[in-house]
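K.L.:
The structure is given below, and queries will be raised subsequently.
The values are calculated or read from the model by the stated rules, or taken from the named source; none is laboratory data. Everything numeric here is computed off the predicted structure, so don't read it as measured data. Every residue, glycine among them, receives a Cβ derived from its backbone with ideal geometry; neighbour counts consider all protein chains shown. What goes into the accessible areas is simple: the full protein's heavy atoms, side chains included, and nothing from ligands, DNA or RNA. Shrake-Rupley method; radii C 1.70, N 1.55, O 1.52, S 1.80 Å.
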Amino acid sequence: MKYYSTNQEVPPVTFREAIFKGLPADNGLFMPESIPVLPSSFFEKISELTLPEIGFEVIRPFVLGEISDNELNEIIQSTLSFDIPLVKIKNGVYALELFHGPTLAFKDVGARFLAHALSHFTKKEEKKLTVLVATSGDTGSAVANGFHKVPGIEVIILYPSGKVSEFQEQQMTTLGGNITALELDGTFDDCQALVKQAFLDKELQASKNLTSANSINMARLLPQSVYYFYAWAQLSEQEKESAIFSVPSGNYGNLSAGLIAQLMGLPVKHFLACSNANDTVPMYLWNQKFEPKPSVATISNAMDVGNPSNFVRMLHLSENSYRTMISRITGYAYTDHSTLDAIRKTYALTGYILDPHGAVGYLGLSDYLKANEGTGIVLETAHPIKFRNTVEHQILREIPMPDHVLETKLEKKSIPFNFDYIQFKNFLLDL
Ligand SMILES: *Cc1c(COP(=O)(O)O)cnc(C)c1O
């Protein structure tokens with residue numbers, strides 16, 4: 001499979017090149033040249049397959065000829081080693097819980113797959129791969145955990161001191177080993193500026209094997225298609241005919257992965273693109289105008305994106321046609337006030353504890369089902385404990401701490417840094 005740039009100004013590349021580069025030189029996004037359709041025999045037996053078995057079948061055509069079946073199997077086993085249960089909220093409405101990984105959000109799936117896929121390609125090389133990431137919190141945690149102890153790869157995380165949550169900081173700074181956290185006396189933008197400058201630095205590029213673990217990397221997107229199949233496989237035969245996926249969205253990677261699953265043959269009846277006040281994509285779906293704007297802070301903060309990068313992928317997956325897109329996707333946007341209301345009411349009526357992101361998806365699904373029939377699946381993208389105060393204030397009880405989080409009371413290790421490129425560059429050269 002070759003990968004083209006959505007700007008079409010550079011030639012198509014292999015899977016390996018697409019994931020090492022992350023972004024094509026013409027500033028487009030990589031996309032597979034064709035979307036493989038899975039055989040009907042796969043769908044007939046899907047309900048008997050495990051999550052890694054489904055993952056293998058879904059990803060195989062995208063890496064064929066570059067990663068052997070044995071090695072792909074190992075990569076998938078290490079990536080999808082936690083469950084993604086489909087939990088019933090009430091009749092006809094389910095939550096697909098994507099938060100049972102180490103950092104309690106769906107980004108674990110993509111970060112882990114990227115780590116193991118990169119490692120697969122660098123294993124045979126002498127030069128170590130250095131992954132640089134600037135983070136405002138969640139990406140750093142997922143990348144740190146996904147890459148921890150992965151052979152042949154060193155990870156440098158830059159985060160703004162005092163501007164990430166305690167939980168996120170703990171996840172980035174306590175692992176040690178091949179993970180180094182630089183605590184910058186500055187903002188997230190400063191962190192990003194240093195990383196960008198490093199990628200433009202010819203001297204550094206010549207002596208180091210640098211790459212980024214950016215969220216628009218193909219290797220973060222592809223494995224996200226897998227859980228749409230896995231969720232569908234768990235529905236009853238009757239429910240399978242009318243599956244509706246409600247996707248709380250920010251940069252629209254998750255939704256793009258769903259569209260890929262549908263084009264691979266997954267019989268999805270409809271998708272719901274649900275956002276908070278950052279409603280650029282829902283607005284487009286309503287009136288065909290794509291008008292990016294500065295992001296607004298909300299309680300579902302992982303979705304605070306005013307100019308979503310993956311919108312271009314959504315277009316390419318919809319034959320570049322507005323009509324095609326709206327025949328597959330309906331947009332919804334909600335205020336923080338409605339989101340809090342949804343957390344409180346859903347708990348009172350069903351006992352299910354939504355996080356603020358899942359609550360936005362739940363609202364979209366409820367509105368859609370007022371006028372349409374179907375079986376709804378809300379993607380629950382984060383564990384409610386990550387937004388403990390907000391959620392507990394609505395449900396008026398404590399959220400139990402997931403077991404695997406309790407144990408990580410390790411010592412924080414970070415290197416204090418100033419916003420100084422020369423210091424940063426020398427640090428990288430000395431690694
Ligand atoms: C990143 C994130 C989102 C947004 O996902 P996209 O793929 O960027 O649309 C939603 N919820 C949570 C909890 C996230 O971390």
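K.L.:
Out of residues 5 or more away from GLY331 or on other chains, whose amide H comes under 5 Å of its own, with H placed 1.01 Å from N in the peptide plane?
P.N.:
ALA273
K.L.:
Report the FRET efficiency, 1/(1 + (r/R0)^6), for GLU126 and LEU410, where r is their Cβ-Cβ distance and R0 is 22 Å, rounded to 0.05.
P.N.:
Values: r = 32 Å, r/R0 = 1.44.
Efficiency for this residue pair is about 0.10.
K.L.:
Projected onto the charge dipole of the chain (+1 at Lys/Arg Cβ, -1 at Asp/Glu Cβ, origin at the Cα centre), which of HIS100, GLY140, ILE19 gives the Cα projection farthest towards the positive end?
P.N.:
Positive-most Cα among the choices belongs to ILE19.
K.L.:
Right, something else. Return the carbon/sulfur percentage of the accessible area of the chain, one whole number, probe 1.4 Å, all protein chains in place.
P.N.:
Answer for the chain is 50 percent, counting heavy atoms of protein chains only.
K.L.:
With each run of n ≥ 4 DSSP H residues scored as -39500 (n - 2.57), what mean residue ellipticity at 222 nm is computed for the chain after dividing by its residue count and rounding to the nearest 500 deg cm²/dmol? If you can, show how the numbers build up before the last one.
P.N.:
Values: 21 runs with 193 residues, N = 431.
One gets -12500 deg cm²/dmol as the mean residue ellipticity at 222 nm.
K.L.:
Identify which of ASN278, ASN418, ASN145 has the largest mean-square fluctuation in a Gaussian network model of the chain, with springs joining Cα atoms closer than 10 Å.
P.N.:
The residue that fluctuates most here is ASN418.
K.L.:
Can you tell me the accessible area per residue over the chain, all protein chains present, probe 1.4 angstrom, in square angstrom?
P.N.:
42
K.L.:
Would you mind getting me the FRET efficiency between ASP430 and ASN320? Use the beta-carbon distance for r and R0 = 45 Å, nearest 0.05.
P.N.:
0.40
K.L.:
Hey, what did the chain get for relative contact order, percent, Cα under 8 Å, at least 6 apart?
P.N.:
Contact order relative to length: 18 percent.
K.L.:
Percent antiparallel among DSSP beta bridges with both residues in region 56-181, to the nearest 5?
P.N.:
Antiparallel bridges: around 30 percent, rounded to the nearest 5.
K.L.:
In debye, nearest 20: dipole of the chain around its Cα centre with unit charges on the Cβ of K, R (+) and D, E (-)?
P.N.:
300
K.L.:
Another one. Under a GNM of the chain (C-alpha, springs under 10 Å), which listed residue has the highest mean-square fluctuation: HIS116, HIS383, HIS393?
P.N.:
HIS393
K.L.:
Testing the spin-label approximation: label points 7 Å from Cα along Cα→Cβ at MET401 and ALA25. State their distance in nm.
P.N.:
5.1
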